[in-house]
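A.B. asks: This structure is in structure tokens; I'll ask about it shortly.
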Amino acid sequence: MKKKIIISTIFFSLFFSFQIKAQSYTTKDLYKSLFAGEYKKCVKILTVLKIKSPNDIKTRLAFADFYFLMYETTGDKEVYNTLCKKEADFVNKTLSKKKELSSDEIFYLISAKAIILKIQFKKKKYLKVAKEFQSISKYLKYATNHEIHPRLKLISGMYNYYIETAKEDYPVAYPVLIFFPSGNKTKGIRLLTESSKVNNMFINTRASLFLANIYKADEKEFKKSEYYFLKLLKNNPGNVHWRKEYIFTLRKYNKTNKASVQRDILLKTIKNNSFLTKDQIEYLKTI
């Protein structure tokens, strides 16, 4: 409870200290700073959004994404899971009440649900993940049938690849997953590759991250995984999360010298990032 209070007051204290103007920022600015690893600026932007449009779907999803990143860069501290789930649940419940959703709203709903599923997956609750998937199955089907929409092409690429991988790797969830529309891993990679080349920062970045992880863990093609990690880090060298994931990839493929160089860069980045919490610093230094 004490941590929740401290985290909540950060936003309001920074509001006064930075003398924020409520019309200054949008969620696009938030993701640009989030990808860049500018966490101090992220808090500033989120404070503005909270004042400007506290119950806007995009605002609440932005908060969920921020808390999920904090979760991943603190060694999975449960307080951030709680905060993340609260924001993602708001998005899901709000949009689920609507009779008809636009393509963008379907993207927001799937994105919010995906955040919760990622945490459940990390906790190895595979059957729960599969059952949770059922609640958005019709929206996933819609995405696969409307790939002309750039954001839904990203979703379709993700779905086509991971639904087949899940069936292969997690037999405990197979009895549930078998009722979902079949995917196609080759098509999934093609759609994600196309998405990684579009002139849209958000879609391009997310698709590149999916591909970096797919080639790391599933396809086991180090060179391709490294290509996408380096692409991400070239554009956003201050992103400590992607840097640590790249280090894990290098170690997985026994690239010891490269991993050592990247860890030195990570430590320098940590030193120069004024917003990292004590939990983040302690965890990242163990990488």
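The values are calculated or read from the model by the stated rules, or taken from the named source; none is laboratory data. Note that the structure is a prediction, hence the values are computed from the model and not measured. Here Cβ is always computed from backbone atoms with ideal geometry, including for glycine, and neighbour counts include all displayed protein chains.
A.B. asks: Only one residue in Tyr80, Tyr67 is closer than 27 Å to Asn200 by Cα, assigned to a helix (DSSP H, G or I), among the aromatic types (Phe, Trp, Tyr) and touching a residue at least 12 places away in the same chain (Cβ under 8 Å), so which one is that?
C.D. replies: Tyr67 is the lone residue from the list that is closer than 27 Å to Asn200 by Cα, assigned to a helix (DSSP H, G or I), among the aromatic types (Phe, Trp, Tyr) and touching a residue at least 12 places away in the same chain (Cβ under 8 Å).
A.B. asks: Could you tell me whether Leu209 is among the hydrophobic types (A, V, I, L, M, F, W, C), modelled with pLDDT of 95 or more and farther than 22 Å from Lys123 by Cα? Walk me through it before giving the result.
C.D. replies: Working: among the hydrophobic types (A, V, I, L, M, F, W, C): yes; modelled with pLDDT of 95 or more: yes; farther than 22 Å from Lys123 by Cα: no.
The answer is no for Leu209.
A.B. asks: Just to be sure I understand the filter: pairs with C-beta atoms under 8 Å, separated by 6 or more residues or on different chains, first member in the stretch 30-51 and under 17 Å from Asn235 (Cα atoms), second member among the basic types (Lys, Arg) and surrounded by fewer than 21 Cβ atoms within 10 Å (Cβ to Cβ). Which pairs pass?
C.D. replies: Cβ pairs passing all conditions: Ser33/Lys41.
A.B. asks: Looking at the stretch 74-111, which of the residues that are small (Gly, Ala, Ser) and surrounded by fewer than 17 Cβ atoms within 10 Å (Cβ to Cβ) is farthest from Ile155 (Cα to Cα)?
C.D. replies: Looking at the filtered set, the residue picked out is Gly75.
A.B. asks: Restricting to the stretch 137-181, name every residue that is of a type in the set (Val, Ile, Thr), more than 20 Å from Lys124 (Cα to Cα) and touching a residue at least 12 places away in the same chain (Cβ under 8 Å).
C.D. replies: Step one: list which residues in the stretch 137-181 are of a type in the set (Val, Ile, Thr), which gives 144, 148, 155, 163, 165, 172, 176, 178.
Still in the list and also more than 20 Å from Lys124 (Cα to Cα): 144, 148, 155.
If the condition is that a residue be of a type in the set (Val, Ile, Thr), more than 20 Å from Lys124 (Cα to Cα) and touching a residue at least 12 places away in the same chain (Cβ under 8 Å), then Thr144, Ile155 are the ones that fit.
A.B. asks: I need the full set of residues from the stretch 120-132 which are surrounded by fewer than 21 Cβ atoms within 10 Å (Cβ to Cβ) and part of a helix (DSSP H, G or I), in order please.
C.D. replies: The first filter runs over the stretch 120-132 and keeps only residues surrounded by fewer than 21 Cβ atoms within 10 Å (Cβ to Cβ), leaving 120-128, 131-132.
Within the stretch 120-132, Gln120, Phe121, Lys122, Tyr126, Leu127, Lys128, Lys131, Glu132 qualify.
A.B. asks: Now for a separate question. Sort out which residues of the stretch 232-245 are surrounded by 16 or more Cβ atoms within 10 Å (Cβ to Cβ) and free of Cβ contacts under 8 Å to residues at least 24 places away in the same chain, and write them in order of number.
C.D. replies: Residues of the stretch 232-245 surrounded by 16 or more Cβ atoms within 10 Å (Cβ to Cβ): 232-233, 236, 238-245.
Passing the criteria: only Leu233.
A.B. asks: Take the stretch 32-74 and flag every residue that is of a type in the set (Ser, Thr, Tyr) and in contact with a His (Cβ under 9 Å, 6 or more places away or on another chain).
C.D. replies: Selection gives Thr73 alone.
A.B. asks: Filter the stretch 178-191 down to the residues that are surrounded by fewer than 19 Cβ atoms within 10 Å (Cβ to Cβ) and hydrophobic (A, V, I, L, M, F, W, C), then identify the one that is farthest from Ala212 (Cα to Cα).
C.D. replies: Step one: of the stretch 178-191, the residues surrounded by fewer than 19 Cβ atoms within 10 Å (Cβ to Cβ) are 178-182, 184-187, 190.
Now narrow it down to the ones that are hydrophobic (A, V, I, L, M, F, W, C): 178-180.
Working: Ile178: 27, Phe179: 28, Phe180: 25 Å.
Top of the filtered list is Phe179.
A.B. asks: From the list Lys4, Lys40, pick out the single residue that is at pLDDT below 95 and in contact with a helix residue (DSSP H, G or I) (Cβ under 7 Å, 6 or more places away or on another chain).
C.D. replies: Lys4
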